[in-house]
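Bear in mind these aren't lab numbers, they're just calculated from the coordinates by the rules spelled out. Keep in mind that what you see is a predicted model, and the values were worked out from it rather than measured. Cβ: placed from backbone, ideal geometry, glycine included. Neighbour counts: every protein chain shown.
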Amino acid sequence: MNVTWFDMVKLMFISALPIIELRGGLPVAAASGIHPAVAYFLCVIGNLLPVPFIILLWAKVFKFFKRGKFKELLEKIQAKADEKKEKVLKYEKWGLYIFVALPLPGTGAWTGALIAATLEMKLKDAFPVILAGVLTAGIIMTIVSYGGAAILTSIF
């Protein structure tokens, strides 16, 4: 299948969304018949796009919007990150890596970046760890998405 610009932007956009991330982008790519290597690359890039902005701007955004209508929502997001923060603190960078790498609900680059921002980690320290976690999660999800698709295709 030829991958169009629309396909590429769609996969990167899906993978950049909070909660969905590349855990949603790769199954969409598999269902669309996009080559696994292309899908992996696009979904990883899309998943990483918001990370620097979250790490660098979270404190400012939180402080600004905390005064307005979004106070309750932001406090929920912050509480979720704080809840996960203890596990990350225990193992430091390894904890952040494992947290981002395991493709489970509530984990991933967005929450990992929020935790890094909450811990006041510098971008140069947090980004490589989150990158490694996203690369690992991408490998796992590519195997699951394309392995699952291959199994279903052979059955039906």
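Remark: relative contact order (the stretch 5-155) = 29 percent; criterion is Cα-Cα distance under 8 angstrom and separation of 6 or more residues. Taking 0.36 nm per residue of separation and subtracting the current Cα-Cα distance, fully stretching the chain between residue 65 and residue 119 would add 17.5 nm. Calculated mean residue ellipticity, 222 nm, the chain: -27500 deg cm²/dmol, from DSSP H runs (n ≥ 4) at -39500 (n - 2.57) each, averaged per residue and rounded to 500.
Against the main long axis of the alpha-carbon atoms of the chain, helix 5-16 sits at an angle near 40°.
Comparing 95, 68, 46 in a Gaussian network model of the chain, where Cα atoms under 10 Å apart are tied by springs, the biggest mean-square fluctuation is seen for 68.
Centroid-to-centroid, using Cα positions, the stretch 62-131 and the stretch 1-48 are 23 Å apart.
Highest average first, the peptides 29-41, 99-111 ordered by how many other beta carbon atoms sit within 10 Å of their residues are 99-111, 29-41.
Subtracting the Cα-Cα distance of residue 9 and residue 93 from their residue separation scaled by 0.36 nm leaves 27.1 nm. Counting every C-alpha pair in the stretch 5-155, the share spaced more than 26 angstrom apart comes to 28%.
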